[in-house]
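Just so it is clear, none of the values below were taken in a lab; they were calculated from the coordinates. Just so we're clear, the structure is a prediction, and the values are computed from it rather than from any experiment. Cβ coordinates were reconstructed from backbone atoms using ideal geometry, including for glycine residues, and neighbour counts include every protein chain displayed.
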Amino acid sequence: MPGGACVLVIALMFLAWGEAQECSPGGHQFLRSPYRSVRFDSWHLQQSAVQDLICDHSLSPGWYRFLILDRPAEMPTKCVEMNHCGTQAPIWLSLRDSETLPSPGEIKQLTACATWQFLFSTTKDCCLFQIPVSVRNCGNFSVYLLQPTQGCMGYCAEAISDARLHPCGSDETETGGDCVRQLAASLPPPPAGRPEVLVELIESRLFCRCSFDVPATKNSVGFHIAWSRLSSQEVKEELTQETTVQAFSLLELDGINLRLGDRIFCSASVFFLENPHVQSVAIESQEFFAGFKLQPELSTISEDGKEYYLRIESTVPIICSEFSELDQECKISLKLKTIGQDLVFFWGIYPC
C-alpha cells in the first residue's frame, strides 16, 4: 500500500500547514478571571474591592482565549448591562444584521462595543465606544485579537453552556444555557466551613487571615466575607466587607482598623457567580484575641514564699527587625504590681 501511505502523509502535512498560528498552544494567551463572566455583578467589587475591577486599558495587543474557571468561554454577542463582567463599562461583540460569527477555520473582522450610561441619564448606550476585534474560529474554541481599551473598560466572557457541550441529564433543566439540577436551581449554595482567624507576617506587616473550607458544588462560587470586633461595651462593630472568589481574606493589623487587644471575628457566606444575590447562611468564626495571654489567668499572686509559674503567650508574631539591626535584645517589659512596691520582670523575645 505505498500509494495510500503517501496520500496519508501529504494529508497530514496539509493539515499542519493549514492550522492558524493563533490556534496553536503558543499562539494565544488566556484571560481567566471569573469576574469577566456576564453574570458577575460588578457592584460587589465597587463596594468592597475596587482594586479588583477589570480595566483593559493596559492589556497587551494580541490573540486571547477566554476561560471562566477553566471552563471554555467566548465573547457575548448581545448587549451587556453596565456594572457587569467585573467592570463598569463591559465590552461585548456586536453583530450587524448581515454579520455572523466565523465558521471553523475562518477569521472575521468584527466590532466590539462598550456599554455606558451617563450620570442622570435614563437610557444606556450599548455601543458608546467601538473597538475593532478579529475573531478566529479554531474549531473547538475561538480566539480574539484584542487591543487596549480607551479607558477603564473590560472585555466580557460568557461560559459555553453545558447544553452546548453535552445534553442535559434527566434530573437537570436548562437554565440560562446551563444544565442545573432541578432541586438545586432555586436553592442557595451550601455554607462554607467555619472560618478561622490567624495572624501572619507578610513583608514585615501583620495581617489577620480569615480562611475556611469551600463547600463541594458543581457551580462556580464566590464568597462574601465580613470582619468585626467586640467593643469595650461587648458590642460587635463591623470593620469591613469583601467579595472575592478566593477562600480567604486579609485585614491588616495596623493599629487603626485592628489593634493589639482586639477580639476579632470574621464571617463567610457563599454565593453562585451566576446568581450572586442568593447567598448561603453566613458562618462566623470563633473569637480571636490579638495580643498576649496569661496562663493561668490569675488575678493575684500571694506573697507566701511559694513559686508561681505563669505562661505568657503571644497570638501574634513579634517583629524584632529594628532591634536586631541595632544588635540589641528584643524583649517585652511586663510589670507586676504588688502592694507597697513595684516589681519589674523582663521577658526576652529573641529574633530567629
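Could you work out the relative contact order of segment 21-162, using alpha carbon pairs under 8 angstrom and six or more residues apart, expressed as a whole percent? Numbers along the way, then the final one.
Details: 342 pairs, mean separation 45.8, N = 142.
Reported relative contact order: 32 percent.
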Exercise. For segment 220-275 and segment 66-98, what is the separation of their C-alpha centers, rounded to whole Å?
Worked result: 31
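Set the Förster radius R0 to 51 Å, insert the Cβ-Cβ distance between Leu187 and Glu303 as r into 1/(1 + (r/R0)^6), and round the FRET efficiency to 0.05.
Working: r = 65 Å, r/R0 = 1.27.
Between Leu187 and Glu303 the formula returns 0.20.
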Problem set entry | Diffusion constant of segment 196-289 at 25 °C, which comes from Stokes-Einstein with the Kirkwood Cα-pair radius and 0.890 mPa s, µm²/s | 175
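Going highest first, how would you order 303-316, 115-128 by mean Cβ packing within 10 Å? Let's see the in-between values first.
Working: 303-316: 9.7, 115-128: 12.5.
Put in order of decreasing packing, that is 115-128, 303-316.
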For this session: Multiply the residue separation of Val245 and Asn257 by 0.36 nm, subtract the distance between their alpha-carbon atoms, and state the gained length in nm to one decimal.
Result: 2.0 nm
Exercise. Taking amide H positions as placed 1.01 Å from N in the peptide plane, with prolines and chain starts having none, which residues 5 or more places from Val221, or on another chain, fall under 5 Å of its amide H?
Worked result: Leu273
For this session: For segment 21-162, restrict the atom set to alpha-carbon positions and state the Rg and Dmax in Å.
Result: 14.6, 47
For this session: State, to one decimal in nm, how far the label point of Val278 lies from the label point of Lys78, with both points 7 Å from Cα in the Cβ direction.
Result: 1.9
Problem set entry | Sequence-distant residues sharing a close amide H with Leu253 (under 5 Å, placed H) | Leu206, Phe207, Cys208
Exercise. At what distance in nm do the modelled label points of Gln109 and Gln47 sit from each other, each positioned 7 Å from its Cα along Cα→Cβ?
Worked result: 4.5
Exercise. Taking only C-alpha pairs under 8 Å that are 6+ residues apart, what is the relative contact order of segment 196-289 in percent?
Worked result: 31
Seminar exercise, completed: Here segment 210-217 yields Karplus 3J(HN,Hα) values (6.51, -1.76, 1.60; θ = phi - 60°; whole Hz; Gly and Pro given as x) of 9, 10, 7, 7, 8, x, 7, 7
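How much length is gained if the chain between Thr100 and Leu294 is pulled fully straight, taking 0.36 nm per residue apart and subtracting their Cα-Cα distance, in nm to one decimal?
Difference between extended and current length: 62.6 nm.
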For this session: Taking amide H positions as placed in the peptide plane 1.01 Å from N, state which residues far from His28 in sequence (5 or more) or on other chains have amide H under 5 Å from it.
Result: none
Exercise. Using 7 Å Cα-to-Cβ label points, what is the Val235/Leu119 separation (nm, one decimal)?
Worked result: 3.4
